[in-house]
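Visitor: There's a structure below that I have some questions on.
Here, each number is a calculation from the coordinates, and none is a lab measurement. Everything numeric in this text was worked out from a predicted model, so none of it was measured. As a convention, Cβ positions derive from the backbone with ideal geometry for all residues, glycine included, and neighbour counts pool all protein chains shown.
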Amino acid sequence: MARVTYELYYWPEIPGRGEFVRLALEYAGAAYRDVARERNGMVEMTALLDGRGSGALPFAPPFLKHGRLVIAQTANILQYLAPRHGLVPKSDAHRVFANQLQLTLADLVAEAHDTHHPVAAGLYYEEQRREAKRRARDFIAERLPKFLGYLEAILGRGDGKHLVGTKTTYVDLSAFQVVSGLRYAFPNAMRRASKRVPKLSKLRDRVESDARLAAYLASPRRIAFNEQGIFRHYPELDA
Ligand SMILES: N[C@@H](CCC(=O)N[C@@H](CS)C(=O)NCC(=O)O)C(=O)O
């Protein structure tokens, strides 16, 4: 059996932000425990969030344990993992640029989340439906095309296939997840928007069919998008 080196902590029922880390670990072929999905795993995760563990205190999942290190914030976790597994080119320029793009994807993820929770994360969607409709309309008209257009422009300035360098990086894996999530949440809007971002659409499809991810994507380890997560499909919010 492979030696367990990493422990990923994330909510067990949703792909959420944990999926960006999972994709990197899976693509790298790294051995890891998906702790909160194990029996009694939530107890372990809660203990760490409550400060009953050693190492840095995380504010929220996802976080990763590697030996004595506890690392939180998705982009931070990824920039720790990537150089160890060949998921980013070695130069400073490439690594910093990868982190810049990852943080931009994180902004897009937060805005996608806010389409269904524009007032408060602690309230139910049903309690903020009206505001959600307004927010989603603006997201689809203004923000979605701006973010997707930016990523398309980055692809156009590079080799056309990869966001950073000339090999698949963790940023490509995350872009795959974000575009997939947006397609799930906003199928109509994305059908239209995708026509203007052909390189990004191809990148998504290429990552999905990458042999290094095939077994994972077909496995129960891959959690389907659903209405508890960040990318939710509410037909009334789609264009
Ligand atoms: N900026 C953080 C955001 C972390 C975050 O918002 N995690 C969510 C789940 S995806 C959470 O559990 N939040 C609890 C909270 O904010 O109180 C990251 O990128 O990792």
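Visitor: Shape of region 58-114 from its Cα gyration tensor (a ≥ b ≥ c, root eigenvalues): rounded if a/c is under 1.5, otherwise prolate when a/b > b/c, or oblate?
Guide: oblate
Visitor: Something else now. With a cap of 14 neighbouring Cβ atoms within 10 Å, and only residues DSSP puts in a loop, list the chymotrypsin sites (Phe, Trp or Tyr not before Pro) found in region 79-137. Could the numbers behind the result be given before it?
Guide: Details: sites: 80, 97, 124, 125; in loops: 124.
Within region 79-137, the qualifying chymotrypsin sites (Phe, Trp or Tyr not before Pro) (loop, at most 14 other Cβ atoms within 10 Å) are 124.
Visitor: Please give every one of the aspartates and glutamates within straight-line cross-link reach of residue 202, meaning a C-alpha to C-alpha distance under 14 Å, and leave out same-chain neighbours fewer than 8 residues apart.
Guide: 152, 159, 172, 210
Visitor: Near the amide H of residue 158, under 5 Å away, which other amide H atoms are found, from residues 5 or more places off or on another chain, if H is placed in the peptide plane?
Guide: Hits under the 5 Å cutoff: none.
Visitor: List residues of region 215-235, by number, whose backbone nitrogen lies under 17 Å from a label position 7 Å along Cα→C-beta of residue 192.
Guide: Label zone hits: 234-235.
Visitor: For the pair residue 104 and residue 119, how long in nm is the line joining their label points, each one 7 Å along Cα→Cβ?
Guide: 3.4 nm
Visitor: Over all pairs of distinct alpha carbons, what does the Kirkwood formula give as the hydrodynamic radius of region 45-171, in Å?
Guide: Details: mean 1/r = 0.0590 Å⁻¹.
For region 45-171, inverting the mean 1/r across all distinct Cα pairs yields 17.0 Å.
Visitor: Here's another thing I want to ask about it. Could you grab the relative contact order for region 51-202? Cα pairs under 8 Å, six or more apart, rounded to a whole percent.
Guide: Working: 142 pairs, mean separation 28.2, N = 152.
Averaging sequence separation for qualifying contacts and normalising by length gives 19 percent for region 51-202.
Visitor: DSSP loop trypsin sites (Lys or Arg not before Pro) in region 1-67 with at most 14 other Cβ atoms within 10 Å of their Cβ, which ones? Mind dumping the intermediate values first?
Guide: Values: sites: 3, 17, 22, 33, 37, 39, 52, 65; in loops: 3, 17, 39, 52.
Those that pass, being in a loop and sparsely packed, are 3, 39, 52.
Visitor: Another one. At 37 °C and 0.692 mPa s, what whole-number value in µm²/s does Stokes-Einstein give for the translational diffusion of the chain, with Rh from the Kirkwood sum over Cα pairs? Kindly include the intermediate steps, with their values, before the conclusion.
Guide: Values: Rh = 18.5 Å.
Translational diffusion coefficient: 177 µm²/s.
Visitor: Then there is this: Taking 0.36 nm per residue of separation and subtracting the Cα-Cα distance, what length does fully extending residue 128 through residue 40 add?
Guide: Working: separation 88, 0.36 × 88 = 31.68 nm, distance 3.35 nm.
Full extension of this stretch gives 28.3 nm more.
Visitor: State the three equivalent ellipsoid semi-axes of region 2-57, derived from the C-alpha gyration tensor as the square roots of 5 times its eigenvalues, in descending order and whole Å.
Guide: Values: eigenvalues 75, 36, 24 Å².
Its equivalent ellipsoid spans semi-axes of 19, 13, 11 Å.
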